[in-house]
Each structure stands twice: as C-alpha cells, then as structure tokens.
1. Starting from 0.36 nm per residue, how many nanometres of slack lie between H38 and A2 once their C-alpha separation is accounted for?
2. Could you name the lysines in cross-link range of K35, using Cα to Cα under 23 Å and dropping any fewer than eight places away on the same chain?
3. State the Cα centre-to-centre distance between region 1-26 and region 69-124 in whole Å.
4. Give me the angle, in degrees from 0 to 90, between the Cα long axis of helix 94-116 and the longest principal axis of the Cα atoms of the chain, rounded to the nearest 10.
5. Starting from the Cα-Cα distance between K22 and E112, subtract it from 0.36 nm times their residue separation and give me the gain in nm to one decimal.
6. What is the extension gain from T119 to R91, computed as 0.36 nm multiplied by their sequence separation minus the C-alpha to C-alpha distance, in nm to one decimal?
7. So for region 12-117, considering every pair of alpha-carbon atoms, how many percent are separated by more than 25 Å?
8. Compute the helix-to-body angle for 60-72: its Cα long axis versus the longest principal axis of the chain, expressed 0 to 90° and rounded to tens.
Amino acid sequence: MALDLFAVVTHIHRNCTADLLKAVGTLELTITQTKLLHFLNETGPELSLGEAAEQLQVSLAAVSRLVDDLVRRGIVERHEDAADRRMKRVRLTDAGLDAIRRLNAARLTGLEEFARTLTEPERIKLADALAALLERPEVAACRIEGTA
C-alpha cells in the first residue's frame with residue numbers, strides 16, 4: 001500500500017511543484033525561510049530564535065540572518081521575550097500570513113488541476129477515501145481556511 005500511495009503522491013507532487021516554486025520565487029523566499037513560515041504558522045503564535053534554529057536544524061547565527069531578512073521585509077516581527085530580555089521571539093505578521101495563504105493557494109491549484117483529470121467514478125472513490133481519512137483529527141486539522 002505504501003508504494004501505491006508513494007506513486008500517487010509523487011505524480012501529484014510533480015504536477016503541483018511548478019505553481020509552488022513560482023509562488024516561492026515571487027515571494028523571494030528561500031526554502032529555509034519557507035520552512036520557518038510554515039513552522040510558525042503551525043506552532044504559532046511565536047517561538048524563540050533558538051527554537052526556530054532547532055526546528056530548522058541550522059545554527060542560531062543562520063536563523064538570525066534568515067529572520068533579519070524576513071523582518072526587513074515585514075513578513076515576521078521579532079521582539080524581546082518579556083521574561084528574559086536576552087531571548088528573542090519571532091512571529092508572523094499579516095504579510096507573513098498572506099505569504100502562507102499564497103503558498104497554500106499554489107499547492108491547491110495543482111491539486112485542483114489533478115482533480116479535473118479524474119473520471120466521475122475516480123472522483124467518487126477518491127471522495128469516499130478522503131472522507132474516511134478526514135475523520136482522523138490530525139488529518140482534518142490540516143485543512144486550509146475556507147475548505148470543508
């Protein structure tokens with residue numbers, strides 16, 4: 001079953017990547033910056049630079065430079081921790097949330113294009129399989145805004 005799922009995911013990924021990479025390019029984000037934005041969005045509302053470095057598996061200096069660029073561009077904001085002024089915290093701004101929405105929209109476009117290629121019987125089978133998987137809270141939690 002895993003090999004079959006791999007084949008489907010790989011096929012979809014190949015056909016969705018162009019839109020996603022275009023969105024990343026338009027936003028002028030590095031892959032590591034993109035990972036940070038998604039991590040902030042998923043864990044929210046904020047995290048320390050040390051936590052970000054650990055999650056991204058980069059040095060504190062590297063994450064600091066990465067965040068400097070995002071702060072300069074208004075995508076994230078950085079501030080001192082209220083309890084420990086030596087610690088810096090970072091969170092998404094409205095522009096950062098908009099960037100996440102744009103990246104998700106690019107992924108969704110590719111999936112919509114794939115869905116249009118399905119026959120009616122394939123759509124019905126896929127809808128049934130997805131409904132069963134979406135009963136799992138951890139799967140349903142991954143729905144993006146405005147989807148049901």
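1. 10.4 nm
2. K22, K88
3. Value for the Cα centre distance between the two parts: 17 Å.
4. Here the helix axis deviates by roughly 20 degrees.
5. Result: 30.7 nm gained on full extension.
6. Length gained between T119 and R91: 5.8 nm.
7. Every Cα pair in region 12-117 considered, those over 25 Å come to 25 percent.
8. With rounding to tens, the tilt is 80 degrees.
Where a number appears in this text, it was derived from the coordinates with a stated rule and is not lab data. This one's a predicted model, so the numbers in the text were calculated from it and none came from an experiment. Don't worry about glycine lacking a Cβ; one is built from the backbone with ideal geometry, like all the others, and counts go over all protein chains shown.
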